[in-house]
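The values are calculated or read from the model by the stated rules, or taken from the named source; none is laboratory data. Given the structure is predicted, the values throughout are model-derived calculations rather than measurements. Ideal geometry is used to build each Cβ from the backbone, glycine not excepted, and the neighbour counts take in all protein chains shown.
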Amino acid sequence: MTERLVGKRILITGAAQGIGLAIARACLAEGARLFLLDQDGGLLRRSVQDLGAPAGTVGSAAVDITEAGGVEAATLEAANQIGPLNALINNAGVNVFHKPLETSEAEWYRALDVNVKGAWNCCKAVLPGLIEQGGGAILNIASTHSFTIIPGTFPYPVAKHALLGLTKSLALEYASQGIRVNALAPGYVETQKARDYWNGFEDAKAARTATLELHPGKRIASVEEIARAAVFMISDECPFMNAATLVVDGGLSQLQHPA
Ligand SMILES: NC(=O)c1ccc[n+]([C@@H]2O[C@H](COP(=O)([O-])OP(=O)(O)OC[C@H]3O[C@@H](n4cnc5c(N)ncnc54)[C@H](O)[C@@H]3O)[C@@H](O)[C@H]2O)c1
């Protein structure tokens with residue numbers, strides 16, 4: 001263990017699998033204490049066991065982040081179990097991909113509720129404690145969909161653009177109280193969510209290869225590569241980084257595709 005996050009008590013959402021679980025593992029290895037949330041209680045329990053953390057360093061609760069009451073109760077429980085929170089990583093998110101005019105009202109709200117309102121619910125629950133302690137850090141896991149558009153993925157980019165709006169709004173509102181709010185924007189990452197997306201095509205293997213081929217380095221990110229960037233951003237190593245978005249996409253969003 002190195003000790004880049006000793007003294008950090010971090011709430012991480014969507015931590016039962018994928019990027020969230022990799023972030024949890026990386027933060028734990030750097031000496032943080034964690035409180036993990038996920039709506040999938042069974043998977044979260046198994047993942048917490050797999051982390052094999054020393055007693056008292058990791059707590060967890062099965063919570064749907066779209067329910068503000070549940071989030072608030074979990075935040076209080078987190079303080080009881082690991083001490084007052086001084087950091088939050090809003091990672092939980094859902095892909096909702098449609099053509100705009102084929103998007104039902106329920107799907108519109110599912111995208112906005114989880115990806116934006118859920119993140120806000122967590123900020124709202126954690127911010128008073130950060131203000132009271134005189135500082136802290138919030139990291140929102142955004143996406144390259146936060147500033148680029150892939151046709152047919154509506155309204156996910158609407159929600160992920162809004163998440164950057166939330167990031168910048170809170171960053172400016174609370175900077176004078178020592179609170180940093182930033183976003184990390186991964187491109188394609190090898191997760192179950194990405195595999196579900198490829199499995200939606202007739203030839204999943206070809207769909208995956210096509211995704212890899214899009215990238216300048218002909219590969220996509222591992223969850224660990226995203227987690228390492230998250231550790232840096234939530235640590236005290238970048239105290240003047242605020243209202244920023246760090247893009248970790250292998251250069252994909254800078255590539256001009258032939259017309
Ligand atoms: N995988 C990628 O390629 C990729 C790329 C860019 C950004 N992202 C973003 O990274 C984050 C994590 O993505 P992932 O691929 O690891 O996803 P994932 O589906 O593997 O894991 C997401 C976790 O969030 C939980 N979750 C979903 N809705 C929830 C809710 N309402 N309340 C509580 N928990 C909830 C799920 O149960 C799941 O365990 C998301 O915000 C996603 O938009 C992912």
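If you check THR2 against the conditions, is it hydroxyl-bearing (Ser, Thr, Tyr) and either part of a helix (DSSP H, G or I) or modelled with pLDDT of 95 or more (or both)?
no
Being away from the ligand (no atom under 14 Å from the Cβ) and surrounded by 24 or more Cβ atoms within 10 Å (Cβ to Cβ): is that true of GLY165 here?
Answer is no for this residue.
Please work out which residue is nearest to ALA74 (Cα to Cα), limiting yourself to the stretch 12-43 and to residues that are away from the ligand (no atom under 12 Å from the Cβ) and touching a strand residue (DSSP E or B) at 6+ places or on another chain (Cβ under 7 Å). Give the steps one after another, and end with the answer.
Within the stretch 12-43, the first condition is being away from the ligand (no atom under 12 Å from the Cβ), and the residues that meet it are 25-35.
Those still in the list that are touching a strand residue (DSSP E or B) at 6+ places or on another chain (Cβ under 7 Å) too: 27-28, 32-35.
Working: CYS27: 20, LEU28: 19, ALA32: 18, ARG33: 15, LEU34: 12, PHE35: 9 Å.
Residue satisfying both the conditions and the ranking: PHE35.
Is there any pair linking a residue in the stretch 163-177 that is in contact (Cβ under 8 Å) with a residue 24 or more places away in the chain to one that is of a type in the set (Val, Ile, Thr) and assigned to a helix (DSSP H, G or I), with Cβ under 7 Å and at least six apart or on different chains, and which?
LEU163/VAL116; LEU166/VAL116; GLN177/ILE131
This table checks each residue for (1) in the same structural domain as SER143 (by TED's automatic domain parsing); (2) within 16 Å of the ligand (Cβ to nearest atom); (3) hydrophobic (A, V, I, L, M, F, W, C).
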| residue | (1), (2), (3) |
| --- | --- |
| ARG45 | yes, yes, no |
| GLY52 | yes, no, no |
| ALA55 | yes, no, yes |
| ALA68 | yes, yes, yes |
| GLN81 | yes, no, no |
| ASN86 | yes, no, no |
| ILE89 | yes, yes, yes |
| GLU102 | yes, no, no |
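Since ILE141 meets every condition but one in (1) more than 15 Å from the ligand (Cβ to nearest atom); (2) in contact with a Pro (Cβ under 8 Å, 6 or more places away or on another chain), which condition does it not meet?
Only one criterion in (1) more than 15 Å from the ligand (Cβ to nearest atom); (2) in contact with a Pro (Cβ under 8 Å, 6 or more places away or on another chain) is unmet by ILE141, namely (1).
Looking only at the stretch 5-54, filter to residues that are charged (D, E, K, R) and in a loop (DSSP other than H, G, I, E, B); which one of those is surrounded by the most Cβ atoms within 10 Å (Cβ to Cβ)?
Here the residue is LYS8.
GLY134 fails exactly one of the following numbered conditions: (1) surrounded by fewer than 20 Cβ atoms within 10 Å (Cβ to Cβ); (2) within 16 Å of the ligand (Cβ to nearest atom); (3) without any contact (Cβ under 8 Å) to a residue 60 or more places away in the chain; (4) not β-branched (Val, Ile, Thr). What is the number of that condition?
(2)
Sort out which residues of the stretch 125-177 are closer than 22 Å to ILE12 by Cα and touching an Asp or Glu at 6+ places or on another chain (Cβ under 8 Å), and write them in order of number.
If the condition is that a residue be closer than 22 Å to ILE12 by Cα and touching an Asp or Glu at 6+ places or on another chain (Cβ under 8 Å), then ALA125, THR144 are the ones that fit.
Please find, within the stretch 59-84, the residue that is nearest to VAL116 (Cα to Cα) out of those that are surrounded by fewer than 19 Cβ atoms within 10 Å (Cβ to Cβ) and in contact with a strand residue (DSSP E or B) (Cβ under 7 Å, 6 or more places away or on another chain).
ALA62
Answer yes or no as to whether ILE226 is within 27 Å of ARG4 (Cα to Cα), away from the ligand (no atom under 15 Å from the Cβ) and assigned by TED's automatic domain parsing to the domain that holds GLU107.
No.
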